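Only one structure is covered here, and it is reproduced in the block below.
The values are calculated or read from the model by the stated rules, or taken from the named source; none is laboratory data. Quick caveat: nothing in here was measured; it's all calculated off a predicted structure. Here the Cβ is made from the backbone with ideal geometry for all residues, glycine too, and neighbour counts use every protein chain on show. Remember, those area values only see protein heavy atoms, side chains included, never the ligands or the DNA or RNA. Shrake-Rupley method; radii C 1.70, N 1.55, O 1.52, S 1.80 Å.
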Amino acid sequence: MSDAEIERVIADFAAAARRAVAAGFDGVELHAGHGYLLHELLSPLTNTRGGPWGGRAGGERALLAIVAEVRAELGEDRPLLVRLSTSDVAPGGTTVEQTAAFAVRLRSAGVDLVDCSAGGLEPGVEYAPARGYQVPGAAAVRAAGVPSGAVGLITDPAHAAALVADGSADVVLLGRAMLRNPHWARHAAHALGRTDALDVPIPYLRAWHPGALEPLELM
Ligand SMILES: Cc1cc2nc3c(=O)[nH]c(=O)nc-3n(C[C@H](O)[C@H](O)[C@H](O)COP(=O)(O)O)c2cc1C
């Protein structure tokens with residue numbers, strides 16, 4: 001991409017945010033991870049250009065410019081999230097420490113929360129998916145003073161609650177567990193004794209009152 005094309009992309013993100021507001025959305029999440037364009041700009045492995053948008057510094061400048069434009073379109077009340085790959089999980093790539101420092105600048109530019117994923121830039125990157133495998137990125141961002149969201153094989157309500165309670169993240173975000181069980185959050189509320197957090201449609205009450213919930217093997 002030429003410098004002019006990158007500048008057009010920045011304006012295109014602003015236009016997309018304007019359309020999102022016009023369409024009635026409550027907030028926006030910018031995807032700057034998983035090898036998508038903004039991640040390719042952020043990583044020194046893929047952003048090898050010179051000039052104002054070159055290298056990691058140029059990629060950070062581009063995302064900060066997009067955040068400023070999108071925040072202006074959203075106003076102060078609509079949340080703005082950014083999804084980052086906190087680490088490229090590759091030699092010479094972006095590290096969790098770099099991401100935590102950058103998250104502070106994103107926060108100052110108007111980002112409310114960083115959704116902390118990892119990897120996805122380079123093919124052939126191996127990292128073993130295990131329970132909570134991407135949580136360290138969220139914990140580093142939060143330790144830098146920026147609200148963070150944790151993802152990555154968080155499937156158990158007690159584990160999810162512990163990650164928020166121990167300060168690893170401000171929120172927990174689920175992918176595959178919700179695909180397997182779209183009612184995961186309702187089951188979790190019961191498992192954690194938080195039935196007060198359930199907002200059940202009245203016609204569903206017969207299915208969701210505590211006596212109707214045994215057994216809970218769907219978890
Ligand atoms: C079928 C599938 C499709 C996904 N598609 C996307 C996607 O389009 N954009 C994205 O940011 N993440 C995508 N992800 C990654 C998830 O958002 C999430 O970060 C990842 O699965 C780890 O969380 P989990 O263990 O709770 O699933 C996808 C994951 C799965 C399993």
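Each row is one residue, and each column tells you yes or no for (1) at pLDDT 90 or above; (2) part of a helix (DSSP H, G or I); (3) of a type in the set (Phe, Trp, Tyr).
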{"site": "155", "(1), (2), (3)": "yes, no, no"}
{"site": "159", "(1), (2), (3)": "yes, yes, no"}
{"site": "167", "(1), (2), (3)": "yes, no, no"}
{"site": "188", "(1), (2), (3)": "yes, yes, no"}
{"site": "199", "(1), (2), (3)": "no, no, no"}
{"site": "203", "(1), (2), (3)": "no, yes, no"}
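All conditions in (1) β-branched (Val, Ile, Thr); (2) free of Cβ contacts under 8 Å to residues at least 24 places away in the same chain; (3) away from the ligand (no atom under 16 Å from the Cβ) hold for residue 146, with the sole exception of (2).
If you check 51, 119, 58, which single one turns out to be in the same structural domain as residue 16 (by TED's automatic domain parsing) and within 16 Å of the ligand (Cβ to nearest atom)? On inspection, the qualifying residue turns out to be 119. Per the conditions (1) open to solvent by less than 40 Å² (accessible area, probe 1.4 Å); (2) assigned to a loop (DSSP other than H, G, I, E, B); (3) of a type outside the set (Lys, Arg); (4) farther than 28 Å from residue 95 by Cβ, the sole criterion not satisfied by residue 25 is (1). Of the candidates 121, 64, 45, the single residue that is crowded, with 16+ Cβ neighbours inside 10 Å and not in a loop (DSSP other than H, G, I, E, B) is 64. Is one or more of the residues making up segment 151-163 under 15 Å from the mean Cα position of the chain (by Cα), farther than 23 Å from residue 44 by Cα, crowded, with 19+ Cβ neighbours inside 10 Å and aliphatic (A, V, I, L, M)? Yes: one or more hits. Go through segment 67-95 and report how many residues are more than 16 Å from the ligand (Cβ to nearest atom) and either assigned to a loop (DSSP other than H, G, I, E, B) or out of contact with any Leu (no Cβ under 9 Å at 6 or more places or on another chain) (or both). Residues meeting the conditions: 15. If you go through segment 124-145 and keep only what is under 14 Å from residue 172 (Cβ atoms) and assigned to a loop (DSSP other than H, G, I, E, B), you end up with 131, 132, 133, 134.
I'd like to check something: does segment 7-19 contain any residue that is more than 17 Å from residue 65 (Cα to Cα) and open to solvent by 70 Å² or more (accessible area, probe 1.4 Å)? Yes, some residue in segment 7-19 is more than 17 Å from residue 65 (Cα to Cα) and open to solvent by 70 Å² or more (accessible area, probe 1.4 Å).
Taking residues in segment 78-103 that are without any contact (Cβ under 8 Å) to a residue 40 or more places away in the chain, and partners anywhere that are open to solvent by 50 Å² or more (accessible area, probe 1.4 Å), the pairs with Cβ atoms closer than 6 Å and at least 6 places apart or on different chains are 89/127.
Note on segment 124-139: residues that are more than 11 Å from residue 84 (Cα to Cα), in contact with a helix residue (DSSP H, G or I) (Cβ under 8 Å, 6 or more places away or on another chain) and open to solvent by less than 30 Å² (accessible area, probe 1.4 Å) total 2.
Within segment 155-184, the set of residues being within 13 Å of the ligand (Cβ to nearest atom) and among the hydrophobic types (A, V, I, L, M, F, W, C) comprises 160, 163, 169, 171, 172, 173, 174, 177, 178, 179, 184. Among the residues of segment 67-102, those that are open to solvent by 20 Å² or more (accessible area, probe 1.4 Å) and of a type in the set (Asp, Glu) comprise 69, 73, 76, 77, 97. Note on segment 28-41: residues that are in contact (Cβ under 8 Å) with a residue 60 or more places away in the chain, closer than 18 Å to residue 113 by Cα and assigned to a helix (DSSP H, G or I) total 1. Here is a check on your reading of the model: is residue 114 without any contact (Cβ under 8 Å) to a residue 40 or more places away in the chain, open to solvent by less than 50 Å² (accessible area, probe 1.4 Å) and either more than 16 Å from the ligand (Cβ to nearest atom) or not in a helix (DSSP H, G or I) (or both)? Spelling it out, residue 114 is indeed without any contact (Cβ under 8 Å) to a residue 40 or more places away in the chain, open to solvent by less than 50 Å² (accessible area, probe 1.4 Å) and either more than 16 Å from the ligand (Cβ to nearest atom) or not in a helix (DSSP H, G or I) (or both).
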